[in-house]
Amino acid sequence: MLALNDVTMSFGDNLVLDSVDLQVARGEALVLVGPSGNGKTVVLKLLAGLLKPSAGSVVVDDKDLHKILRREQEELLLKMGMLFQKNALFDSLKVGENIAFPLREKTSLSEAEIQERVVYFLEQVGIGHARDLYPDEISGGMQKRLGIARALALEPSIVLYDDPTAGLDPITSRRIADLILTLKEKNKSTLVAVTNDMARAYQLADRIAMVVDHEVIVTGDKTATAAHRDPRVRQFVRGQLDGPLTEAP
Amino acid sequence: MISFRNVRKSFGEREVLKGITFEVPEGQILFILGTSGTGKSVLLKTIVGLLKPTSGEILIDGQDVAPLTELQMFPVRRMCGMVFQQPALFDSLTIFENVAFGMRKHLPDLTEDKIAARVKECLSLVHLRDIESKKPQEISYGMQKRVSLARTVAVSPRILLFDEPTTGLDPVTTNAINNLILELSRKLNTTSLVVSHDMQCALAIADHIIVLDKGEIVEQGSPADLKKSKQPLVVDFLKEALNAEASI
């Protein structure tokens, strides 16, 4: 279980989230959508413990993430994997080593076990053949898949994806989203993803939530989201040019 | 008129463009569609000489620009306005100075009054006003994208080159930018080349579409032609476009 309870988040004078509540159930796939600059990634980073809320609490497995001992916190965070928007791969390490690195840092696995896991996860995302190449020698789609494999190699029970298909063509995007769902089923993990692409949001989500105007509006599943009555949600999912989202402030 | 005649481009042993031939008549909008990593951006960059083709001809108004030196490329680049994926505005300059930047550089004879009038005109072309004194970080990302369009058209290019102009944008901003590509191209009578993944948009605003796969043109034609295509990649793209439409 993952939750934001009455969370307010400001950066200096800039209020991003105002008393927000959000729950993600175990095994659920929640997708965050919303206009750029409204705080989708902030929500994701709060859930990942990468940002501390200005007020309110972040709860992971019934524990308040910022009110527990450092060691307990690290244990909780180890359950999470995160894919960053730009993948954040190590340029100077080969594809296989990008996956081995966090395993060496964070687990007590033997080198043989690490290599076994590297092979397994590269195969899972379909880039086993690229093990000895450097990240800049593979395509953008393959880099994404490598980022996903690295996030999953620590076998996290919660996986957070920041725009996992950004910049990819729709055919590759659908394949990546299929892969994310297959791996989620296999590992019985909980998923929170950020995307701007409604086709992908509908493909991935059990529930969708829109981050807008300092709020998080949980809009429900595909049918409920498509028929949602909030004018901001309606405008966003339909991509309409006129509406509350595009009115001058 | 822009013509590609059997253009090839290799990086080391890897051939990225494998003999590309097509034409864009003056004033038309051409979409270049294809999956990620298939040579679309490379093709765009060869037009302005950011990359040189390994062989073949690239004719702009009958002149082959492929063999030109950096210095000779200068007037060609002045004809072309390139819109990048990111707005690439100068953070430290106001919106006014961002739009005026190219004019000050390339049209040194313009008076301040004329520059101010032109900035206003270009911002109104992208449906923005009263934001001249703001800095880029004070306006939304969608507005920044529009300012970058205004900046590009400010120096009156005859050719507009768009490199994935809507990638990563939310649905509302995507539609706004697509509308602007069409509006600007028609109003300013530019020849426009748009590299894109967005079949839905291509069908809506392109005069002509070429589909690139692994460095080759696998299909081309008008939107109506493309809709009837049986080429497997085109069929996949059409399916995704239909999917996107159905999700609305």
Q. Regarding residue B:185, is this residue part of a helix (DSSP H, G or I) and touching a strand residue (DSSP E or B) at 6+ places or on another chain (Cβ under 8 Å)?
A. yes
Q) Does residue A:96 count as at negative phi and touching a helix residue (DSSP H, G or I) at 6+ places or on another chain (Cβ under 8 Å)? A) yes
**Q.** Enumeration of residues in the stretch B:29-44 that are under 13 Å from residue B:214 (Cβ atoms), in contact (Cβ under 8 Å) with a residue 60 or more places away in the chain and within 11 Å of chain A (Cβ to nearest Cβ)
**A.** B:34, B:35, B:36, B:38, B:40
Q) Restricting the search to the stretch A:106-127, which residues are surrounded by fewer than 16 Cβ atoms within 10 Å (Cβ to Cβ) and within 18 Å of residue A:87 (Cβ to Cβ)? A) A:126
Q) So how many residues does the stretch A:221-249 have that are hydrophobic (A, V, I, L, M, F, W, C), closer than 18 Å to residue A:17 by Cβ and more than 9 Å from chain B (Cβ to nearest Cβ)? A) 1
Q | strands (runs of 3 or more DSSP E) lying entirely in the stretch B:1-115 (those with 2 or more residues that are of a type in the set (Ser, Thr, Tyr)) | A | B:2-11
Q.
What are the pairs with Cβ atoms under 7 angstrom where one residue, in the stretch A:40-68, is among the basic types (Lys, Arg) and the other, located anywhere, is in a loop (DSSP other than H, G, I, E, B)? Sequence gap at least six, or different chains.
A. A:40/A:34; A:45/A:51; A:52/A:66
Q. List pairs: first in the stretch A:201-220 and more than 22 Å from residue A:183 (Cβ to Cβ) and within 13 Å of another protein chain (Cβ to nearest Cβ), second among the β-branched types (Val, Ile, Thr) and assigned to a strand (DSSP E or B), Cβ under 6 Å, 6+ apart or cross-chain?
A. A:210/A:33; A:210/A:217; A:210/A:219
(Q) Here's a check for you: in the stretch A:120-179, which residue that is of a type in the set (Gly, Ala, Ser) and closer than 21 Å to residue B:233 by Cβ is farthest from the other protein chains (Cβ to nearest Cβ)? (A) A:126
Q. Can you pull out the residues in the stretch A:110-158 that are out of contact with any Leu (no Cβ under 7 Å at 6 or more places or on another chain), in contact (Cβ under 8 Å) with a residue 40 or more places away in the chain and assigned to a helix (DSSP H, G or I)?
A. A:136, A:150
Q. Name the residues in the stretch B:224-242 that are crowded, with 16+ Cβ neighbours inside 10 Å and either over 15 Å from residue B:195 (Cα atoms) or out of contact with any Asp or Glu (no Cβ under 9 Å at 6 or more places or on another chain) (or both), would you?
A. B:226, B:229, B:233, B:234, B:236, B:238, B:240, B:241
Q) surrounded by fewer than 19 Cβ atoms within 10 Å (Cβ to Cβ), in contact with a His (Cβ under 9 Å, 6 or more places away or on another chain) and assigned to a helix (DSSP H, G or I) - does that describe any residue in the stretch B:202-223? A) yes
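Values quoted throughout were computed directly from the atomic coordinates according to the rules given, and no laboratory measurement underlies them. Quick caveat, the model's predicted, so the values are computed rather than measured. So basically every Cβ, Gly included, is an ideal-geometry build from the backbone, and we count neighbours across all protein chains shown.
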